[in-house]
Amino acid sequence: MDRQSRGKNEGDLAMRIGAAIFLLFAACATAGCMTQLKANSPQPVESSIDVFSQASVLQHSLDNACMFVFSAPLEIAADAPMVTNAYQARLLQRSPFAHIRLIDTVVSSDAQALWYARKRGCTLAIVPSLLYLMDGSGGLPTRLVVRIRILDAASGQLLWDIKQSAWSEPGPDIDLTWNTIVGAPAQRCHILADCLAEKFAGYLAQHLEEEKKEQAGEQQ
């Protein structure tokens, strides 16, 4: 092979390699490995629920419930309305009680909650607390911990006392020689709040249906 032919072949090979590298980087950019975290994430939300006290949902299914804004430590108080809205929406959707009325205030004691509930004509007082919130903006873990207490407005008796936790982890990064493919981001706090709210309302609604079936079976 003469020098001219060899030079032409080497030039073609260099062009092919350059084209392949360009296509590889273009594919990476399209897939998101050279961009910021994705807007939508496939990462799961893990959750747990601890029930310290529970009453018959059926016996209170015709009650009017006053729900207060989540109380929270000062450093996460700005997130309380977001969590409150999530719980209010899910409770209205599942309707374990006859009516859910949001009282746009934070109560500092059971006595204050009972006073508001009685004044507004509510038979139940839903007193929620935001215990912990960490939003890693997707790149770090996200965690949310809440506690919901429901009181009988007439007697002040504690009917339900439930603690919930939710967390989400970002996906692992893939390290390449020339680049790093960023893992899927952790779910954000509003997703965790909606998850916990749905599970809380679902817990009450499920118990209501089970109690209705049990009652129907006893009457047969």
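Values quoted throughout were computed directly from the atomic coordinates according to the rules given, and no laboratory measurement underlies them. In this text the structure is predicted, and so the values were computed from the model without any measurement. So basically every Cβ, Gly included, is an ideal-geometry build from the backbone, and we count neighbours across all protein chains shown.
Things worth noting here:
- Near C122, once Lys and Arg are set to +1 and Asp and Glu to -1 for all other residues with Cβ below 13 Å from its Cβ, the sum equals +2.
- Semi-axis lengths, largest first, of the ellipsoid equivalent to the stretch 41-219 are 35, 20, 11 Å, with √(5λ) applied to each eigenvalue of the Cα gyration tensor.
- The stretch 81-155 and the stretch 191-209 have Cα centres lying 13 Å from one another.
- Label-to-label distance for I49 and E210 is 0.9 nm, based on points extended 7 Å past Cα in the beta-carbon direction.
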